[in-house]
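Enquirer: Next up is a structure, given as structure tokens.
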Amino acid sequence: MSATTSTRPGPPARPSPPRLGRRPAPRPDHKKKSRHVYNLVGVVALLVMAFPVYWLVVSALRPNHEIRSYDQTLWPSSITFDNFKRAIDAPHFGSAIQSSLIICVTAVVGAMLLSTIAAFAIGRFHFLGRKAFMITLLVIQLLPPTAMLIPIYIQLNGLGALNEYWGVIVIYLVSALPFATWMIRGFVINIPKELEESAMVDGCSRMGAFWRVIFPLLTPGLAAASIFSLINAWNEYLLAYVVLQDNDKYTLNVWLMNFTTSRGVDYGALMAASTLIALPVVVFFMFVQKKMASGLTSGAVKG
């Protein structure tokens with residue numbers, strides 16, 4: 001008896017999904033057109049941001065009668081440096097420079113020192129209340145110092161800090177601490193721990209490894225945070241005006257009130273003085289802007 005084998009037809013084959021073809025590469029003309037559009041947008045944004053600075057400098061070089069004229073031009077008909085001479089010869093100019101330098105430099109250096117230590121502690125150690133401390137820093141950063149003007153004034157009056165440099169220094173230092181701590185913390189957590197551990201294996205203490213290895217790598221963060229702190233302290237007006245009461249102790253921004261009198265405003269000297277006040281921050285930025293590039297730790301650890 002022979003068995004016969006019958007072949008049953010199998011299920012119909014499923015149609016294979018269509019292959020998705022690659023998108024055609026953009027044409028070089030399209031890339032060039034997009035680049036031109038982006039360049040144009042960047043140039044327009046640069047002109048909008050740079051025009052107030054340009055107008056400030058040009059107004060400082062205009063004669064007073066041309067500044068008060070209704071017919072303004074983009075370039076003065078005649079250039080004069082008399083506005084700068086009147087600004088420099090104004091009363092208490094030298095003492096205002098001294099006050100601003102003492103207050104701002106001390107506040108920035110103190111803020112960078114304290115914020116670096118705080119940022120290293122937050123970025124490297126896990127301790128009780130760490131998250132609460134970080135949230136507190138954010139909340140403090142959200143509060144403008146001018147909103148706390150009355151409590152600050154009462155506290156400084158109780159401490160005898162009114163009309164004293166150190167009273168303004170404390171305000172500027174505390175105002176810069178939250179932002180500087182958060183910024184430097186971002187650089188701390190991006191530095192490999194292996195660098196610090198290697199230094200400690202070679203005989204360095206925790207603090208020695210920090211100052212010899214970690215601190216030099218924090219230069220970009222310190223540069224960015226110091227610029228932010230210096231700009232805020234250098235340009236602040238209201239708190240310095242309330243705390244400082246003698247003309248000999250006024251900062252440069254408060255000193256600018258000398259050009260506003262009952263007889264009117266000396267706009268030429270005011271613009272010239274404002275230009276002179278902006279120069280130190282620009283010079284400081286030119287010195288530290290090379291340090292603001294990140295990526296100093298790239299390739300520091302062998303993988």
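Enquirer: Looking at 132, 121, 45, 87, which is the one that is part of a helix (DSSP H, G or I) and surrounded by fewer than 10 Cβ atoms within 10 Å (Cβ to Cβ)?
Expert: 132
Enquirer: Quick check on the range 108-118: of everything there that is among the β-branched types (Val, Ile, Thr) and open to solvent by less than 30 Å² (accessible area, probe 1.4 Å), which residue is nearest to the chain's Cα centre (by Cα)? Outline the logic, then answer.
Expert: Filtering the range 108-118 down to residues among the β-branched types (Val, Ile, Thr) leaves 108-109, 116-117.
With open to solvent by less than 30 Å² (accessible area, probe 1.4 Å) added as a condition, the list becomes 108, 116.
On the way: 108: 12, 116: 16 Å.
Per the criteria, the residue is 108.
Enquirer: For residues in the range 262-281 being small (Gly, Ala, Ser) and within 20 Å of residue 69 (Cα to Cα), which is surrounded by the fewest Cβ atoms within 10 Å (Cβ to Cβ)?
Expert: 264
Enquirer: So, restricting to helices (runs of 4 or more DSSP H) that lie completely within the range 149-216, which ones have at least 2 residues that are under 17 Å from residue 120 (Cα atoms) and modelled with pLDDT under 90?
Expert: Passing ranges, in order: 165-188, 193-201, 206-209.
Enquirer: Just need a number here: residues in the range 139-152 that are surrounded by fewer than 12 Cβ atoms within 10 Å (Cβ to Cβ) and among the aliphatic types (A, V, I, L, M).
Expert: Count: 5.
Enquirer: Is at least one residue of the range 143-157 closer than 14 Å to residue 185 by Cβ and out of contact with any Lys or Arg (no Cβ under 9 Å at 6 or more places or on another chain)? Before the answer, list the steps.
Expert: Going residue by residue through the range 143-157, those that are closer than 14 Å to residue 185 by Cβ are none.
Looking through the range 143-157, none of the residues is closer than 14 Å to residue 185 by Cβ and out of contact with any Lys or Arg (no Cβ under 9 Å at 6 or more places or on another chain).
Enquirer: Same structure, new question: What pairs come up if the first residue lies in the range 135-163 and is over 16 Å from residue 244 (Cβ atoms), the second is open to solvent by 70 Å² or more (accessible area, probe 1.4 Å), and their beta carbons are under 9 Å apart, counting only those six or more places apart or on different chains?
Expert: Every condition considered, the pairs that remain are 137/182; 138/182; 140/174; 141/182.
Enquirer: Please state which of the following conditions residue 82 fails to meet, knowing it meets all the rest: (1) acidic (Asp, Glu); (2) at pLDDT 80 or above; (3) exposed (fewer than 10 other Cβ atoms within 10 Å of the Cβ).
Expert: (3)
Enquirer: Right, next: If you go through the range 90-107 one residue at a time, how many are part of a helix (DSSP H, G or I) and open to solvent by 20 Å² or more (accessible area, probe 1.4 Å)?
Expert: So the count comes out to 9.
Enquirer: Condition first: of a type in the set (Lys, Arg) and open to solvent by 70 Å² or more (accessible area, probe 1.4 Å). Now tell me which residues in the range 163-206 satisfy that.
Expert: Listed by number, the residues that qualify are 193, 206.
Enquirer: Here's another thing I want to ask about it. Identify the single condition in (1) farther than 19 Å from residue 164 by Cα; (2) crowded, with 21+ Cβ neighbours inside 10 Å; (3) of a type in the set (Val, Ile, Thr) that residue 243 does not satisfy, given that it satisfies every other one.
Expert: Unmet condition: (1).
The values are calculated or read from the model by the stated rules, or taken from the named source; none is laboratory data. No experiment lies behind these values; they were computed from the predicted model shown. With ideal geometry, Cβ positions are generated from the backbone for all residues, glycine too; neighbour counts draw on all protein chains shown. These area figures cover heavy atoms from the full protein model, side chains too; ligands, DNA and RNA do not enter into them. Shrake-Rupley method; radii C 1.70, N 1.55, O 1.52, S 1.80 Å.
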